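Q: Quick one: structure below, then a few questions.
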Amino acid sequence: MKSIIKNFFIFFFIFIVISALFYSAADERGNTAPADIGQLVEKINGGEVASIVVQGDILNVELKDASMLTVKKETGESLSSLLSNFGVTPEKLAPLRIEVKDESGLSFWLATLLPFLLPLLLIGVFIYFMMRQIQGANGRAMMFGQSQAREFNNQNQDKKKRITFKDVAGVKEAKEELAEVVEFLTSPKKFLELGARIPKGVLLVGGPGTGKTLLAKAVAGEADVPFFHISGSEFVEMFVGVGASRVRDLFKRAKKNSPCIVFIDEIDAVGRQRGAGLGGSHDEREQTLNQILVEMDGFEPTTNVIVIAATNRPDVLDPALLRPGRFDRRVVLDNPDLQDRIAILKVHATHKPLAKEVSLRRIAERTPGFSGADLANLLNEAAIFAARENKKLIDMRHLFESIEKVMLGPERKSRIISETEQKITAYHEAGHALVAHVLPHVDPVQKISIISRGMAGGYMLKVPTEDKRMHSKTEFIEDMAVMLGGYVSEQEIFGDVTTGATSDLSKATELAHDMVTTYGMSEHLGPRTFGSKDELVFLGREIREQRDYSEKWAEKIDEEIMAYVNGAVARARDIISQHKPALEKIVAVLLEKETIEKEEFEEMMNEVDAGEEEKDAGK
Ligand code: ADP
Ligand code: ZN
């Protein structure tokens, strides 16, 4: 809005300048002295005038002494009648050379048309700029139907910059699957001669940051073909029908550049099950999806365009997308395991100078659950951290610090915390840590801190010793006790609870809910699931879970969840009240140092355990 006003003033200014120029030009026409009719008559009668040139209403008078006069006459009145009215006798006029010129030429047209044209022109220009402004704001509303696909033409890139499989670490199976696609693109003949139908679509399934885009680019890089990139959400805009026409446009461009790769990110934005939506945008999605299917079905066997689509919600995709001849190949990308994490860290560390003692393996060990993007981000943060300290090399401390930054957000040391709050936080985190230490199936404690980070007042990290894909009921129950350890500790020590435990409570409740309704881990309710997450889409969000059970069960589920949560609280309370000295010890160290690392914590606990055993033996 501001810039519209600014533009308006600019135009206003230009308008003033132009009109000023125009009028001054008109005034100065002829570069001569102005005069009135009376003076002219006097000069004629005095015999001083040599010639008069009539140009419209202007009389350009040349005197015998070669000087010039301009005189303006009334519009429509002829010169001769004018002069005779003023009493100039015909004898006086006779020797004069009188010439009548058409007031043609530029100046005439300018003088007559400009007063009309100029405002029109200005309004036109003004509207044009307004439109441009609006377009900018509304995301190029004027280019409705054109696809917004960005093209990365690998061929134009020098060999060094091109992304290939070498740049994608780990994901061995995915690369093997996609190597086939590279072959389809580079030597389609081989397959066509044997009567094989070359697949048209590959679906990459994996969470955010698992390298789906990277892999698709690498396929294009390996095959040395153009790569078109568009996101599913870009198809769906404010006008119905835009999506479909964008799809048409995209595929037209792709076919022209065949062989090539079309990469559709977030295909679930258009490819959700049809008929599952509420609200206006769902028709639009359906049309867009249909158009994608039509285009893919319409490929000639020889059109060598392969569509790679990415999603992290394969469960919500319309089955029509997954039928043979469409996205019938699936490549699943998981978060990397230990070996893959090491490999990814290596790839991203290539241009970063690392100190000699840096062990990427140790970093990988401490980052289970990190995605490829998280790991790339971690190394980048470490480099920034080192640079800010004016170091030439990135060392272990930078890397460890970055792990926590990526996981929990930046440290907020400057946040001023009152002494009481600090004490509460210390007891809270110590509670988590103590319960985690005592229970046998919980991952070892990695770090305890009462430095505020992101949203959390303090934090306790535990890191699994190995990558786990399965979790048992026992583990879940113990985890729940750890989650509630902070809450219980506050309660035991201060006889009160704070809002600091809110997210712990909701996490524990959620876990209990999943155990009962999704994992079939409740003895009373038996091995069945409750509720399907068959979602309804409204403004892109899940609005409710579908209930496939009766009110009677609902009550039982609530009871069961409550029982699990209460059980976990009781367990945590037992541990904390039995190990009060250990708790106090952790709190004392936390208040003194703010953080405790794994080694120190374990040593401390060993001492305390030994002391307790002695006491027990002495009884
Ligand atoms: P997605 O499309 O799955 O959300 P991206 O492909 O955009 O994820 O990955 C984001 C970034 O993460 C990549 O640009 C790359 O730097 C890094 N990354 C992810 N996976 C890997 C991997 N396997 N090897 C190397 N880098 C990776
Ligand atoms: Zn907590």
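Q: Give the residue that is nearest to the chain's Cα centre (by Cα), with candidates limited to residues of region 575-594 that are of a type outside the set (Lys, Arg) and open to solvent by 40 Å² or more (accessible area, probe 1.4 Å).
A: Only one residue tops the list, namely Glu594.
Q: Of the numbered conditions (1) closer than 21 Å to Gly38 by Cβ; (2) part of a loop (DSSP other than H, G, I, E, B); (3) open to solvent by less than 80 Å² (accessible area, probe 1.4 Å), Glu74 satisfies every one except a single condition; which is it?
A: For Glu74, the exception is condition (3).
Q: Across region 283-313, which residue is farthest from ligand 2 (Cβ to nearest atom) among those that are at pLDDT below 80 and within 30 Å of Asp334 (Cα to Cα)?
A: Glu286
Yes/no per residue for (1) within 11 Å of ligand 1 (Cβ to nearest atom); (2) out of contact with any Gly (no Cβ under 9 Å at 6 or more places or on another chain); (3) assigned by TED's automatic domain parsing to the domain that holds Ala169:
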position	(1), (2), (3)
Arg326	no, no, yes
Leu345	yes, yes, no
Thr350	yes, yes, no
Glu365	no, yes, no
Gly369	no, yes, no
Gly372	yes, no, no
Arg388	no, yes, no
Leu399	no, yes, no
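Q: Another question about this same structure. In this structure, does Gly195 turn out to be within 16 Å of ligand 1 (Cβ to nearest atom) and of a type outside the set (Ser, Thr, Tyr)?
A: Here the answer is no, as Gly195 does not meet what is asked.
Q: Quick one: which residue in Val406, Val438 is within 16 Å of ligand 1 (Cβ to nearest atom) and either out of contact with any Pro (no Cβ under 8 Å at 6 or more places or on another chain) or assigned by TED's automatic domain parsing to the domain that holds Glu357 (or both)?
A: Criteria check complete, one pass: Val406.
Q: Only one residue in Ala481, Ala501, Ala508 is more than 30 Å from Leu338 (Cβ to Cβ), buried (at least 16 other Cβ atoms within 10 Å of the Cβ) and either hydroxyl-bearing (Ser, Thr, Tyr) or within 13 Å of ligand 2 (Cβ to nearest atom) (or both), so which one is that?
A: Result of the check over Ala481, Ala501, Ala508: Ala501.
Q: Specify which of the listed residues (Val406, Val438, Val442) is more than 29 Å from Thr210 (Cβ to Cβ) and surrounded by 17 or more Cβ atoms within 10 Å (Cβ to Cβ).
A: Val438
Q: Just to be sure before I move on: is Ile230 over 20 Å from Arg162 (Cβ atoms), assigned by TED's automatic domain parsing to the domain that holds Val316, part of a strand (DSSP E or B) and in contact (Cβ under 8 Å) with a residue 12 or more places away in the chain in the structure I sent?
A: yes
Q: Is there a residue in region 300-314 that is surrounded by fewer than 20 Cβ atoms within 10 Å (Cβ to Cβ), over 23 Å from Lys172 (Cα atoms) and in contact (Cβ under 8 Å) with a residue 60 or more places away in the chain?
A: Yes; the residues of region 300-314 include at least one that is surrounded by fewer than 20 Cβ atoms within 10 Å (Cβ to Cβ), over 23 Å from Lys172 (Cα atoms) and in contact (Cβ under 8 Å) with a residue 60 or more places away in the chain.
Yes/no per residue for (1) under 20 Å from Ala568 (Cβ atoms); (2) within 12 Å of ligand 2 (Cβ to nearest atom):
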| position | (1), (2) |
| --- | --- |
| Thr420 | no, no |
| Ala430 | yes, yes |
| Leu434 | yes, no |
| Asp443 | yes, no |
| Lys447 | no, no |
| Met455 | no, yes |
| Met460 | yes, yes |
| Pro464 | yes, no |
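Q: Filter region 374-386 down to the residues that are away from ligand 1 (no atom under 16 Å from the Cβ) and surrounded by fewer than 21 Cβ atoms within 10 Å (Cβ to Cβ) and list them by number.
A: Phe385
Q: A further question follows. Gln133: modelled with pLDDT under 80 and over 24 Å from the mean Cα position of the chain (by Cα), yes or no?
A: In short, no.
Q: Additional query: Among the residues of region 450-465, write down those that are part of a loop (DSSP other than H, G, I, E, B) and farther than 20 Å from His437 by Cβ.
A: Hits for region 450-465 are Ile451, Ser452, Gly454, Met455, Gly457.
Q: Between Val442, Val435, Val406, which is among the hydrophobic types (A, V, I, L, M, F, W, C) and modelled with pLDDT under 90?
A: Only one candidate passes the filter, namely Val406.
The values are calculated or read from the model by the stated rules, or taken from the named source; none is laboratory data. A quick note: this is a predicted structure, and the numbers were derived from the prediction, not measured. Don't worry about glycine lacking a Cβ; one is built from the backbone with ideal geometry, like all the others, and counts go over all protein chains shown. Surface areas here come from the heavy atoms of the whole protein model, side chains and all, with no ligands, DNA or RNA. Shrake-Rupley method; radii C 1.70, N 1.55, O 1.52, S 1.80 Å.
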